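One structure is given below, encoded as C-alpha cells.
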Amino acid sequence: MNGDDAMFVCEEVMIAGVADGVGGWAREGIDPGEYARELMARAEEAVRRRVYEKEMKGSGVGGKQQQQQQQQLQLEPFDVLSEAYHGITVPGASTACIVALHDIPHQKLTAVNVGDSGFVVVRNGFTIFKSSIQQHRFNTTYSLGQNNQRQDDFKRAQSIEVAVEADDIVVLGTDGLFDNVFSQEIEDLIRNKINLITKPEKLATKIAKMAEEFSKRKLKVTPYSMAKSEAVKTYKGGKRDDITVVVLHIVASDK
C-alpha cells in the first residue's frame, strides 16, 4: 500500500484495522508509512496465529462440536494491537483503530483506538455511535511509537464496546476520511446507496471517493476546517491526505 496509511481485514473472524503513520517522521528521512504498515501486518499475523491455534486445539473434535469451538474464538482488538505494537522494531509512529464483531452471547462490536483514526456505526441511515478523537491539542493526536518520548504510552489506548444489530453499517477509516466528511454526509451517502449495503467494498470505495473530493474543495466547511478555525484561525476547505476506508455490514447471527 502506498502513502502513510495501512489496513488489514480478516473476514473469517470479523476483525479489521486501519493505521496512519505520523507524517513528521519524513523530516528525519524515515518513511512514515513503514511503521503503520508493519503495525497492521503484525496485527493481522496475531489474528491469524490465534485462528490457527484455535483450529489445532479443535482438530481432534469432529462435526458440529468442532464448528462451535471455532465459532467461539473471540478476538479482542486491544490484545491484538498490544501484541502488534510491542513487536515492532522499525522507527516511526502511527495512529491505529481495530474493530471486531462478536456474536456470543449477543452481537456486539469491540474496538481499540489510538489517535484520530476511528469508526462510526450507522443504523437505519443514522449514526448511533462515533468514536472520539484522542489528541493533545489541535493537529497533535495520540500515536504509538517505539523508544521515543514524543509518542504515547500504549496504556492510553481507548477500549470501546458497542451493541450492534443486523444490517448496521460500520465505517472504519483514517483521519483522511473523518477530517473531510461529517457523519451526516456518510449517513446521506449510505441512504442514497442503500443497494450497496450488502456490498461493503463498493460502499467503502464510494465513501473514500467522497472524502477525496471534499479534501480538494477550498471553500467547503469540513470537520478539519471547523477544528482549525476554532483552534488557530478561520479556515475553509478540506485537508489533502491519504484516505483509507473499510466498511463492515453486520448480518444476523445464525444462532
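The values are calculated or read from the model by the stated rules, or taken from the named source; none is laboratory data. Because the structure is predicted, anything quoted here is derived from the model rather than measured. Cβ placement follows ideal geometry from the backbone for every residue including glycine, while neighbour counts extend to all protein chains displayed. Surface areas here come from the heavy atoms of the whole protein model, side chains and all, with no ligands, DNA or RNA. Shrake-Rupley method; radii C 1.70, N 1.55, O 1.52, S 1.80 Å.
Tabulated values for the structure
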item: Hits in segment 201-219 (condition: surrounded by 15 or more Cβ atoms within 10 Å (Cβ to Cβ) and either in contact (Cβ under 8 Å) with a residue 60 or more places away in the chain or closer than 20 Å to Gly237 by Cβ (or both)); result: Ile207, Ala208, Met210, Ala211, Glu212, Phe214, Ser215
item: Near pairs, Cβ below 7 angstrom, 6+ apart or cross-chain, from segment 162-181 (within 21 Å of Asn195 (Cβ to Cβ) and among the acidic types (Asp, Glu)) to any residue that is open to solvent by less than 10 Å² (accessible area, probe 1.4 Å) and in a loop (DSSP other than H, G, I, E, B); result: Glu165/Ile250; Asp167/Ile250; Asp168/Ile250
item: Helices (runs of 4 or more DSSP H) enclosed by segment 14-120 - at least 2 residues per element that are open to solvent by 20 Å² or more (accessible area, probe 1.4 Å), at pLDDT below 90 and at negative phi; result: 32-57, 63-71
item: Residue within segment 160-171 that is of a type in the set (Gly, Ala, Ser) and open to solvent by less than 20 Å² (accessible area, probe 1.4 Å) present; result: no
item: Matching residues in segment 149-189 - criterion: being modelled with pLDDT under 95 and more than 26 Å from Glu76 (Cβ to Cβ); result: Gln149, Arg150
item: Search result, residues across segment 180-200 that are closer than 17 Å to Asp167 by Cβ and either of a type in the set (D, E, K, R) or open to solvent by less than 70 Å² (accessible area, probe 1.4 Å) (or both); result: Ile186, Glu187, Leu189, Ile190, Arg191, Lys193, Leu196, Ile197, Lys199, Pro200
item: Residue in segment 108-128 that is over 26 Å from Cys10 (Cβ atoms), touching a residue at least 40 places away in the same chain (Cβ under 8 Å), touching a Gly at 6+ places or on another chain (Cβ under 6 Å) and not basic (Lys, Arg) present; result: no
